[in-house]
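Below is one structure, written out as structure tokens; comments come after it.
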There are 2 protein chains.
Amino acid sequence: MQQILCTVDVVLLTLQDDMLKVALLRRDREPFKGVAALPGGFIRQQDDADTRDAALRVLRDKTAIEPPYLEQLATFSGPARDPRGWSVSVVYYALVPFDVIDSAGHPDVKLVGVDKPVGLPFDHRLIIDTAVARLRSKSQYSSLPCYLAGETFTLPQLQRVYEALMGEALNKVSFRRKMTEMDMLEPVEGAFSAGGAHRPAQLYRLKPELRDRLTLIERGL
Amino acid sequence: MQQILCTVDVVLLTLQDDMLKVALLRRDREPFKGVAALPGGFIRQQDDADTRDAALRVLRDKTAIEPPYLEQLATFSGPARDPRGWSVSVVYYALVPFDVIDSAGHPDVKLVGVDKPVGLPFDHRLIIDTAVARLRSKSQYSSLPCYLAGETFTLPQLQRVYEALMGEALNKVSFRRKMTEMDMLEPVEGAFSAGGAHRPAQLYRLKPELRDRLTLIERGL
DNA sequence: GCAATAGTGTCTTTCAGACAATATGCA
DNA sequence: TGCATATTGTCTGAAAGACACTATTGC
């Protein structure tokens, strides 16, 4: 009997112009050669310490991106999702500020609005929808959106990120209160946003000790 | 090169005497033959429509239980977790009222407090801890605990379930308000708890349309 | 000064917990 | 009646949203 195919796929998400986008790559081999799809590949026993490691390797090889945030989403499986046979795909999702993708400058990576792509191969449509749902749900009560906001950001910028993800306007005073009591940001001393013909805003960054772990909040935004 | 081992494991959780317990089985084959472990097994391409299906099959075969609630937990992987080689285990967790396990009456199934078991094989200790953390976290803002409470239950009973899971006393009035506004329970007309030398309580059941899906709440309990 | 956006003070509404009163079964 | 627990009413404090006011920049 043929073996089960073991793969990983990555849903790389970013925010461009307040729109949630997913990174797609044209497949360079069969099946679905030439079709835009999620970055993915086979697990390599000799190279990968686990599936997370495999996801990082795939991302590094295909997009040259080291994501600041990567989390396991779920595992998708079955006899029909891959025409080559019964397959298991362990899927991770990554959050990356747009400028990281931009500066990585990988020409093959295409950013597409998460609701846009049709005709995706495998069950990638389902996978993307699952990732977006997870991100939206988790954004309500965690610091997750900060990973989409870049290295430093102002509170109004961060609020727009949250609003873009959750699809609704947030109360400015409440938002700032929340951010204060979550106690996960620190001001970048003396650094302010520049450019507009208006009052500059204080720049903040994630507290260093929180770079790699989420902060959860009690009551949502 | 040797193939990747593809397995499923199930964390079957129940509440017995207000204690969260996990179902363990003595392994009937190597590796770790005779050692108590989570029910699990290889994915069978010819039998299983997906990993969820495989988890249900394993549970049915080894414990004769059809769980009312089964959700994918996460996938655990790596070269060292199974002595036979690089392995991937897609893990599900199931919630079952104690009397379902009791009446299934499978003699091999042992219920053990979730913090108890030491010397578990593979990474089953980590898996159980992950499942318990997920259950506790999700219980705060969903109807999940209802699946541990049995077919019908009184509100005070359900509150004790929530309290056992979350490890803290809950405000009675607030709890009842939440249950009312979650709108997921319906009273069993004319049915009341009996037995005690005191006022009987109204029996409730999950609304039929919610049997198979969770209700989420906005703000926690 | 004016336009535009940042940041804050305060009032009002909404929600959760405390407390207590009432309800209902059994001995 | 008295006890134990269920159920409900009401008060109070905390949290969230609405609104408006002040602050700071470029023009």
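For A:Asp99, the conditions (1) in the same structural domain as A:Leu25 (by TED's automatic domain parsing); (2) surrounded by fewer than 16 Cβ atoms within 10 Å (Cβ to Cβ); (3) in a loop (DSSP other than H, G, I, E, B) are fulfilled apart from (3). For the range A:84-109, the set of residues classified as more than 10 Å from chain B (Cβ to nearest Cβ) and among the aliphatic types (A, V, I, L, M) consists of A:Ala94, A:Leu95, A:Val96, A:Val100, A:Ile101, A:Ala104, A:Val109, listed by residue number. Within the set A:Gly113, A:Gly150, the sole residue that is open to solvent by less than 20 Å² (accessible area, probe 1.4 Å), under 17 Å from the mean Cα position of the chain (by Cα), away from every other protein chain (no Cβ under 14 Å) and at positive phi turns out to be A:Gly150.
Considering the range B:105-221, the qualifying helices (runs of 4 or more DSSP H), each wholly inside and each with 1 or more residues that are within 13 Å of DNA strand D (Cβ to nearest atom) and more than 30 Å from B:Asp9 (Cα to Cα), run over B:155-166, B:172-182.
Each row is one residue, and each column tells you yes or no for (1) in contact with a strand residue (DSSP E or B) (Cβ under 8 Å, 6 or more places away or on another chain); (2) under 18 Å from B:Thr63 (Cβ atoms); (3) aliphatic (A, V, I, L, M).
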{"site": "B:Asp82", "(1), (2), (3)": "yes, no, no"}
{"site": "B:Pro97", "(1), (2), (3)": "yes, yes, no"}
{"site": "B:Asp102", "(1), (2), (3)": "no, yes, no"}
{"site": "B:Lys116", "(1), (2), (3)": "no, no, no"}
{"site": "B:Thr130", "(1), (2), (3)": "yes, no, no"}
{"site": "B:Gln140", "(1), (2), (3)": "no, no, no"}
{"site": "B:Leu144", "(1), (2), (3)": "yes, no, yes"}
{"site": "B:Asn171", "(1), (2), (3)": "no, no, no"}
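Of the residues making up the range B:37-63, those that are part of a helix (DSSP H, G or I), within 14 Å of chain A (Cβ to nearest Cβ) and surrounded by fewer than 20 Cβ atoms within 10 Å (Cβ to Cβ) number 3.
Conditions (1) more than 13 Å from DNA strand C (Cβ to nearest atom); (2) of a type in the set (Gly, Ala, Ser), marked per residue:
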residue: B:Leu148; (1), (2): yes, no
residue: B:Ala164; (1), (2): yes, yes
residue: B:Ala169; (1), (2): no, yes
residue: B:Lys178; (1), (2): no, no
residue: B:Glu186; (1), (2): yes, no
residue: B:Phe192; (1), (2): no, no
residue: B:Arg199; (1), (2): no, no
residue: B:Asp212; (1), (2): yes, no
residue: B:Thr215; (1), (2): yes, no
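The values are calculated or read from the model by the stated rules, or taken from the named source; none is laboratory data. Quick caveat: nothing in here was measured; it's all calculated off a predicted structure. Don't worry about glycine lacking a Cβ; one is built from the backbone with ideal geometry, like all the others, and counts go over all protein chains shown. To get the accessible areas, we keep the full protein, side chains included, count just its heavy atoms, and leave off ligands, DNA and RNA. Shrake-Rupley method; radii C 1.70, N 1.55, O 1.52, S 1.80 Å.
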